[in-house]
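The values are calculated or read from the model by the stated rules, or taken from the named source; none is laboratory data. All values reported here derive from a predicted model rather than from experimental measurement. Here the Cβ is made from the backbone with ideal geometry for all residues, glycine too, and neighbour counts use every protein chain on show.
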2 protein chains.
Amino acid sequence: MKNLFNEGFNDVRERHRLVDLIDSGRLKADVVIKGGKLVNVHSSEIYEADVALSGTRIAIVGEEAKAFASSKTRILNAEGAFLTPGMIDVHYHVAGTYLTMTNLAMSLLARGTTAIASDFYEYGAVAGPKAIEVGLAEALRTPLKVLFNVPLLAYIQNDPFGNSGKVKPEDLMEMLDWDAAVALGEVQPQTGSDPHVRALIEKTTKLRKTVVGHYVGFHGPGVASWLNLGATSDHESVDSEEAFQKVRSGVRIVAREGSAAVDLMNVLRAVTERGLDPRRFVFCTDEVDPLELKALGHMDYKVRKAINIGIPPISAVQMATINAAEYYRVDNDIGSITAGKIADIVMVKDLRDFKAQTVIANGRVVAEGGKYVGRLPQPRFPEFMRRTIHIKPSLKGSDFAVRTRNVKATRAKVNIIKAHEGSLITGRGIATLNVEKGVVLPNPKKDILKVSVIDRYGSNQIGSGFMSGFQLHQGAVAESFAPVPEYLVAIGCSDDEVAFAASKVRDMQGGFVVSADQKVIADFHLPILGLMSEDPLDQVTRTLQRATDAYRSLGCRLKSPFLSLMFTTYPLIPKLKITQGGLVDVDSMKHIDVVVDEKS
Amino acid sequence: MKNLFNEGFNDVRERHRLVDLIDSGRLKADVVIKGGKLVNVHSSEIYEADVALSGTRIAIVGEEAKAFASSKTRILNAEGAFLTPGMIDVHYHVAGTYLTMTNLAMSLLARGTTAIASDFYEYGAVAGPKAIEVGLAEALRTPLKVLFNVPLLAYIQNDPFGNSGKVKPEDLMEMLDWDAAVALGEVQPQTGSDPHVRALIEKTTKLRKTVVGHYVGFHGPGVASWLNLGATSDHESVDSEEAFQKVRSGVRIVAREGSAAVDLMNVLRAVTERGLDPRRFVFCTDEVDPLELKALGHMDYKVRKAINIGIPPISAVQMATINAAEYYRVDNDIGSITAGKIADIVMVKDLRDFKAQTVIANGRVVAEGGKYVGRLPQPRFPEFMRRTIHIKPSLKGSDFAVRTRNVKATRAKVNIIKAHEGSLITGRGIATLNVEKGVVLPNPKKDILKVSVIDRYGSNQIGSGFMSGFQLHQGAVAESFAPVPEYLVAIGCSDDEVAFAASKVRDMQGGFVVSADQKVIADFHLPILGLMSEDPLDQVTRTLQRATDAYRSLGCRLKSPFLSLMFTTYPLIPKLKITQGGLVDVDSMKHIDVVVDEKS
């Protein structure tokens, strides 16, 4: 596995080939980009400069570049365009876009993203280290670079509230040695006492790799504890004050803009209003829905948005490129357009309306006009990555019932999860619901729905509760994507509706189901690990749009309703979450009862 | 040798001890610094903050720090003072100060320098890898941190113009694995075709360590070749234009301020006048004479000077701290005052008149009022590091003669080296000199002196030429410190004077001799490797001052005349140099004759 390696990355021999060609005067460029306005992320300037590429690398930048053109050289006329380095997303959970790495790579490259940092935790949680190898290897056969983060999350999962047990600490210790591994992913404060986590941090540090942090909220002595643990970054800031305090503490700010968390604007106020050095900031997606990826873009969207809220264009490009490369200590290979770097270059007509016109990765043109040039071969997935959902054949409404102690109760006061648009943080509330034969009933009219999580690894454990914010007035929705380890989650207007939708997802062996009156009105098949489609982005968005429309036809108004549903199950982000083991109060890290009080 | 390690460095266990103490509420600080104005190098702010230290680390910064004081806690009152991180010199050839590492550490710590990057190349060139181990181990027993640069220079030396052969590429390959090694030192463009150098760069890159560059001048295709080689920094810039072009190319600028090269002011104009981001700049000494170290200071002097020429104080402190730590990728351990970092802290009363008042290293107060607190035990050097000068017992004036072809010649036109104050770059000129019995005579009246380099490793090879700029009107000066590999160099008014002074240095087994009329008028013993005294800085400066005064009494007006003399022998810095093999024209990398023309 040591050979899992980004093309051209750390490839000192490719550099030496260039040294020999330059020294001997025999250099002939494969590509010369002429007349572009170079966005120099080191000197923070924009000026006209030609760029000569040879093999996967940038050979020469400047006046003399065109002298290395021969009759075989491809000349790219960049007059009127800006040249920026290929963009780097520093934290992106890839399965959340439901695409295979091959299809994802084509979609991201088309938008100017040439590298992503990802941990493939979903792959590991569902099917163990071998699945991570398959996914990473698939990605590394594309021109997209993957700054592999060793997925601490695949081992920690939702402990103590859920774990598939598929990834062991020793697996992670081995992954740290992989060449593509640049970091240990997502060290959270509550993991600080785990000796395995400590051993992983120690090894990461010794290997001079990056310890990526994850800290929701930022106050109290826990902060000092987490800092001492060695975390160097965080992507959970939600406002400028939090970002400001983290910068003071030496933490690199990962400004997140994804489907379920839209923090970029608030976080960047720490720069625009409080004057912090933009060099401490980078961008990430975390999770993005394919509809948004297609409609808004990826890193290009973040750059546009940052500029739009007052970040100077060069600073925004730096956040998307060199800052990210320095953060992962890969700035000797990527992050800027300078001689010796891998040739990952984006041509854009207008910096403020940042849209990739031509994209070069590893020295080759990979996208033009927002389209990937050509097609990458599709992978064949091994059988162990299909048919991963193990749930009993008979699922009934009664499996999902929330019961009162007294079967004669008529009303029950219950804890409810309150979901909010644009945030992974859920609120906590109290509602009073009717009870029939000892079963508490949801009240769709008041936007209080049934929500359940079903273990998909054979235990058939089911946890149920109530939630507001989804506004279904009929039917149910189920999906095989409740992190972590990607259990099934379902929401609906009755226990029977929930049972029906969940059964259908089980039958499909993964995907989304929207049902009404116990009929499927839309579905989205995700046969790979129960997480991914084999269709390309355009097809996926069409299917997902149909499913989303169906979801909305039932009353839901959330922007990314499937994604929002997933994160109501994740008990490491406040405040109240539903798991296969029941409700979890995240602040106290304890299970709590759904029923608070009941009346006959 | 893997255990050669800075105290507290990369020490994840020490961090975990703090995590446990904080998490359990049992933390009691060893030291609390109260009421100081924290210079926050991350947020570029200055504000009041307390700092609690435990063991070697900073446990907590801010409001809550003082809550961790107990009756055993040492309280340091910092009211009215600024707290800056301990300073880091990114490139310092330690033997050039003639001190042992123990004595040097005390001197530097007293001035607020808590870490230096050094390669110990002089140790290696004279006595091989074993001597480097001895020197590095000695340093690591002190509270000073050494960011060990693997000394490429100890292998390359002056090739093809001189090499002691004591350090092999395989020795360097092994050193790269040492824990204290953070970088490969001084990759120069002309070494790019050496397969050993390439293998070293490859290994350095794989280990995610830093490839330190060295590039004199910065134009032509050699630039692209060197950039492709992978060098990430350079300390040879002499003006703002050169620094500017390097920043554009992604090179980190090491602004040098030492005894033989005073570039800081010119280089920093790239920031003050051309608006470059100060985060791309760090400071180094390269070589500093003990007299200057004592009179001016070390990193404190560079910070003062930078502020004085218009660099904002916080930026100057960043250049001396966090920028350096990031450059060597050790910013998880040093470079800022934040929880989890090693407690290296400097208290200064006035940022502009930057003078260390109290210095903390590894959590302990090591200096107060410019004095090291207490004394470090002096090392015992092994015998192989003494008596290292192997030159024949009989050295005569005729060994140093420059001869014409025709013994009847009366006048000769000769190439002369032109030394200049404040620069390592020498000029090249032509002079006409008298010839007697076939021997060309220097002309001290016209400031044209004899200069010779003598191999000290047994070959007795001697190269001689003529030089202006030293202005001796009588006598001679010799020293055992001609880089690299630290041959003897002598300058004088006649061949006999030169022979006398050189003989005396041989007899002393290392040091400086100033002589007149073949009598020693001052000397300075350097018994360790022929390079270092065992005296502390105060004693060394007194001795060296006497020797310098004697040097000046002979007419020399250079600021650091011994250091200037050394560098007239170094054939990797332009333009004309003297070596044991004769004159070297550095531009063409060729030996040239001293005598250009002769007339009878």
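Restricting region A:287-296 to residues that are crowded, with 24+ Cβ neighbours inside 10 Å and part of a helix (DSSP H, G or I) leaves a set whose member that is farthest from the other protein chains (Cβ to nearest Cβ) is A:290. Tell me yes or no: at least one residue of region B:518-532 is in contact with a helix residue (DSSP H, G or I) (Cβ under 7 Å, 6 or more places away or on another chain), of a type outside the set (A, V, I, L, M, F, W, C) and within 29 Å of residue B:165 (Cβ to Cβ). Taking every residue of region B:518-532 in turn, at least one turns out to be in contact with a helix residue (DSSP H, G or I) (Cβ under 7 Å, 6 or more places away or on another chain), of a type outside the set (A, V, I, L, M, F, W, C) and within 29 Å of residue B:165 (Cβ to Cβ).
In this structure, does residue A:567 turn out to be farther than 24 Å from residue A:379 by Cβ, modelled with pLDDT under 95 and not hydroxyl-bearing (Ser, Thr, Tyr)?
Yes.
Among the residues of region A:352-405, just one is exposed (fewer than 15 other Cβ atoms within 10 Å of the Cβ), at pLDDT 95 or above and of a type in the set (S, T, N, Q), namely A:398.
Checked against the criteria, residue A:357 counts as outside any loop (DSSP other than H, G, I, E, B) and touching a Lys or Arg at 6+ places or on another chain (Cβ under 6 Å). Put simply, of B:540, B:584 the only residue that is buried (at least 17 other Cβ atoms within 10 Å of the Cβ), farther than 19 Å from residue B:122 by Cβ and hydrophobic (A, V, I, L, M, F, W, C) is B:584.
In region B:197-213, the qualifying residues are those that are touching a residue at least 40 places away in the same chain (Cβ under 8 Å) and closer than 16 Å to residue B:119 by Cβ, and the one that is farthest from the other protein chains (Cβ to nearest Cβ) is B:212.
Condition test on residue B:303, is it more than 14 Å from chain A (Cβ to nearest Cβ), of a type in the set (Val, Ile, Thr) and either surrounded by 24 or more Cβ atoms within 10 Å (Cβ to Cβ) or touching a Ser or Thr at 6+ places or on another chain (Cβ under 7 Å) (or both)?
Details: more than 14 Å from chain A (Cβ to nearest Cβ): yes; of a type in the set (Val, Ile, Thr): yes; either surrounded by 24 or more Cβ atoms within 10 Å (Cβ to Cβ) or touching a Ser or Thr at 6+ places or on another chain (Cβ under 7 Å) (or both): yes.
So residue B:303 passes the test.
You will find that of A:101, A:106, the residue that is more than 14 Å from chain B (Cβ to nearest Cβ), over 19 Å from residue A:346 (Cβ atoms) and touching a residue at least 40 places away in the same chain (Cβ under 8 Å) is A:101 and no other.
Quick one: which residue in B:506, B:542 is within 20 Å of residue B:483 (Cα to Cα) and basic (Lys, Arg)?
Working: B:542 fails: within 20 Å of residue B:483 (Cα to Cα).
Of B:506, B:542, the one residue that is within 20 Å of residue B:483 (Cα to Cα) and basic (Lys, Arg) is B:506.
When we screen A:484, A:451, A:489 for residues that are touching a helix residue (DSSP H, G or I) at 6+ places or on another chain (Cβ under 9 Å), modelled with pLDDT under 95, surrounded by 20 or more Cβ atoms within 10 Å (Cβ to Cβ) and of a type in the set (A, V, I, L, M), the only hit is A:484. Scanning region B:372-414 for residues that are part of a loop (DSSP other than H, G, I, E, B), under 30 Å from residue B:358 (Cα atoms) and not basic (Lys, Arg) yields a total of 6. I'd like to know if region A:340-352 contains one or more residues that are touching a strand residue (DSSP E or B) at 6+ places or on another chain (Cβ under 7 Å), part of a strand (DSSP E or B), within 14 Å of another protein chain (Cβ to nearest Cβ) and farther than 16 Å from residue A:37 by Cα. For region A:340-352, residues touching a strand residue (DSSP E or B) at 6+ places or on another chain (Cβ under 7 Å), part of a strand (DSSP E or B), within 14 Å of another protein chain (Cβ to nearest Cβ) and farther than 16 Å from residue A:37 by Cα: present. When region A:249-308 is limited to residues that are in contact with a Phe, Trp or Tyr (Cβ under 7 Å, 6 or more places away or on another chain) and among the basic types (Lys, Arg), the one that is nearest to residue A:535 (Cα to Cα) turns out to be A:302. Considering only region A:220-239, how many residues are over 22 Å from the mean Cα position of the chain (by Cα) and either small (Gly, Ala, Ser) or more than 10 Å from chain B (Cβ to nearest Cβ) (or both)? Adding up the residues that qualify gives 5. Each residue in region A:414-431 was checked for being surrounded by fewer than 16 Cβ atoms within 10 Å (Cβ to Cβ) and over 29 Å from the mean Cα position of the chain (by Cα), and 1 of them qualify. One residue stands out among those in region A:311-332 that are at pLDDT 95 or above and in a loop (DSSP other than H, G, I, E, B): the one that is surrounded by the most Cβ atoms within 10 Å (Cβ to Cβ), which is A:321. If the condition is being assigned to a helix (DSSP H, G or I) and either in contact (Cβ under 8 Å) with a residue 40 or more places away in the chain or within 14 Å of chain B (Cβ to nearest Cβ) (or both), then region A:270-286 contributes A:270, A:271, A:278, A:279, A:280. When residue A:193 is tested against the conditions (1) facing chain B (nearest Cβ under 8 Å); (2) crowded, with 20+ Cβ neighbours inside 10 Å, the lone failure is (2).
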